[in-house]
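Single-structure report; data block below.
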Amino acid sequence: MNKSTFHQLSYGVYVISTWDKGRATGCTANSAMQITSEPATVAISINHDNYTNQCIRESGRFAISILGEKSDPGIIGVFGFKSGRDHNKFDEVDMLEKSYMPVVADACAYIVCEVADKMETSTHTVFLGKVVDADILKTDDAMTYAYYHNVIKGKSPKNAPTYIAEENPAAEGARYVCGVCGYIYDGEASFDELPDTYTCPVCRQPKSVFTRK
């Protein structure tokens, strides 16, 4: 089976958020889709290992922040490569509260849902959500996974449905690769050596986590 075929499917980049006993938390996702328009219903896919999965089960609600091409790519790193079990992610990202749910302020749009049903797979839970609120936050083109991969040059977290272990940054001619999120620095900037103050634009980790390829 050629797993690269799945890259031909269309994906977005989202932050799925909810409450953890009064504390806002969430994770990145690239699988969210509209199921019906009337009543408005959407579905998301969340890995069993993501703390957000447990929190959605307990709260019965979730919000989808739709990231745009102009959104800070560091948001993806905060919500995709850190665990909500031991990290207050919204301490690093501006938050709005919409219909009593936390959403990312720098998103281009949001959707708030009540869990209507769920389906379990071997690795993920598909939550079916009844939409209770949705709105545009700013004018921006929604970020696609292709844009994230080709322009921002980030990789999928290991818990993401689109993660493919065979992805090999070295095969793409990378000079430096982030050991946390897989971001590729390919020498397009004016320096050949990473400066000591350099931080990954996706996961915000320091120069020390990069390896030269």
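The values are calculated or read from the model by the stated rules, or taken from the named source; none is laboratory data. Just so you know, these numbers come straight off a predicted model, no measurement behind them. Heads up, the Cβs are rebuilt from the backbone with ideal geometry, glycines too, and the neighbour counts pull from every protein chain shown. Accessible surface areas use protein heavy atoms only, side chains included; no ligands, DNA or RNA. Shrake-Rupley method; radii C 1.70, N 1.55, O 1.52, S 1.80 Å.
Could we say that Phe6 is under 23 Å from Met119 (Cβ atoms) and either open to solvent by less than 60 Å² (accessible area, probe 1.4 Å) or in contact (Cβ under 8 Å) with a residue 40 or more places away in the chain (or both) here?
On the way: under 23 Å from Met119 (Cβ atoms): yes; either open to solvent by less than 60 Å² (accessible area, probe 1.4 Å) or in contact (Cβ under 8 Å) with a residue 40 or more places away in the chain (or both): yes.
So Phe6 fits the description; yes.
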Inset, instruction - Check every one of the strands (runs of 3 or more DSSP E) wholly within segment 1-93 and list those with 3 or more residues that are among the small types (Gly, Ala, Ser). - result: 23-29, 40-47
Legend entry - Filter result for the condition that a residue is surrounded by fewer than 17 Cβ atoms within 10 Å (Cβ to Cβ), touching an Asp or Glu at 6+ places or on another chain (Cβ under 7 Å) and either within 20 Å of Tyr11 (Cα to Cα) or modelled with pLDDT of 60 or more (or both), over Asp117, Asp141: Asp141
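Scan segment 171-183 and tell me whether some residue there is β-branched (Val, Ile, Thr) and either modelled with pLDDT under 90 or over 22 Å from Ser10 (Cα atoms) (or both).
We begin by selecting, within segment 171-183, every residue β-branched (Val, Ile, Thr); these are 177, 180.
Of the ones still in play, those that are also either modelled with pLDDT under 90 or over 22 Å from Ser10 (Cα atoms) (or both) are 177, 180.
Yes, the conditions are met somewhere in segment 171-183.
Which is open to solvent by less than 10 Å² (accessible area, probe 1.4 Å), among the aromatic types (Phe, Trp, Tyr) and over 19 Å from Val132 (Cα atoms), of Phe90, Phe62, Phe79? Spell out how you get there, then give the answer.
On the way: Phe90 fails: open to solvent by less than 10 Å² (accessible area, probe 1.4 Å); Phe62 fails: over 19 Å from Val132 (Cα atoms).
When all the criteria are applied, what remains is Phe79.
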Legend entry - Single unsatisfied condition, Ala24 versus (1) under 17 Å from Thr121 (Cα atoms); (2) in contact with a helix residue (DSSP H, G or I) (Cβ under 6 Å, 6 or more places away or on another chain); (3) open to solvent by 10 Å² or more (accessible area, probe 1.4 Å); (4) not aromatic (Phe, Trp, Tyr): (1)
